[in-house]
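All remarks here apply to the structure that follows.
Where a number appears in this text, it was derived from the coordinates with a stated rule and is not lab data. On a predicted model such as this, the values are computed, not experimentally measured, just so you know. Please note: Cβ atoms are built from the backbone with ideal geometry, for glycine as well, and neighbour counts cover all protein chains shown.
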Amino acid sequence: MAGKLLENKRIKMGRLYDAAYELFTKKGVHATVVDDIVRHAGVAKGTFYLYCKDKYDLVDKIILRKTSVLLNDTMKALERRGREHPMTFEQNVVFFVDALIRAFRNDKRFLELFFKNLSPSLFEQLFRCAEFENVRALFTRNFMRGGGTSEAAGQRLYLIVCMVGAHCYSSMILQKPYGFDEVSPELYRAIRRILTG
């Protein structure tokens, strides 16, 4: 019985996430109301409030969910690649950055939703999620092998993620002040300096 209830909850949440994501990325968060979401998802309004405080809470949950999947997939790909071809720390970071860029390029709707709704509290939640903890642990372990501290590793990983995200958003969504390919070599040079400096 409990398994059936959990499965029903998972299905309803999935429908809410999918409906909200579609509406948020087509109409925008501010133009979407809860009634639109529940109607599109085919669930009762009470169901929405059972799982979410408001639509902004749902935006945060969607971003956390999609980011967790992205990080999990990236870490699995990194592990597979590392088994096939051992890489240096710098090569691991570049592989990770390439995967983030590819994901943002393949889903620009998510990139736009992510950066238009990123708040300090959401950013903290992202950096505390289990999938990001795996990224942070691997990065920190490798960074400290080169003589760096745990605190510096956390700060540098934060800077790299912020730079990659901001570059992708400004060049892919806003398409200014520079095109993606035009400034990407500088992005990678900056990342290498952050890793070694």
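Taking the centroid of alpha carbons for each part, region 173-197 and region 81-98 are 19 Å apart.
For q = 0.09, 0.10 Å⁻¹, what log10 I(q)/I(0) does the chain give under the Debye formula with an equal point scatterer on each alpha carbon and no solvent? Listed by q, the Debye log ratios stand at -0.41, -0.50. Its relative contact order, with pairs defined as Cα atoms under 8 Å and 6+ residues apart, puts the chain at 18 percent. A cut-off under 14 angstrom between Cβ atoms defines the neighbours of Gly147, and their net charge, with Lys, Arg +1 and Asp, Glu -1, is +2. Taken about its Cα centre, region 48-143 carries a charge dipole of roughly 180 debye when the Cβ of each Lys and Arg holds +1 and the Cβ of each Asp and Glu holds -1. For the pair Ser184 and Met144, the difference between a 0.36 nm per residue extended length and the Cα-Cα distance amounts to 11.7 nm. Evaluate E = 1/(1 + (r/R0)^6) for Leu5 and Arg65, where r is the Cβ-Cβ distance and R0 equals 30 Å; express this FRET efficiency to the nearest 0.05. Once rounded, the FRET efficiency stands at 0.90. The residues packed around Ile191, meaning those with a beta-carbon under 14 Å from its beta-carbon, carry a net charge of +1 if Lys and Arg are +1 and Asp and Glu are -1. Rounded to the nearest 20 debye, the dipole size of region 84-197 about its Cα centre is 120 debye, using +1 on the Cβ of Lys and Arg and -1 on the Cβ of Asp and Glu. Label zone (Asn72, point 7 Å along Cα-to-C-beta; backbone nitrogen cut-off 18 Å) within region 34-62: 60-62. Full extension of the chain between Ala166 and Gln91 yields a length gain of 24.9 nm, computed as 0.36 nm times the residue separation minus the alpha carbon distance.
Using only side-chain charges placed at the Cβ, +1 for Lys and Arg and -1 for Asp and Glu, the dipole size of the chain relative to its Cα centre rounds to 360 debye. Work from the charge dipole of the chain (Cβ charges, +1 for Lys and Arg, -1 for Asp and Glu, about the Cα centre) and give the residue of Ala153, Tyr49, Leu70 farthest towards its positive end. Positive-end residue among those listed: Tyr49.
Using only the alpha-carbon atoms, how far is helix 2-27 inclined from the longest principal axis of the chain? Give it as 0 to 90 degrees, nearest 10. The answer is roughly 80 degrees.
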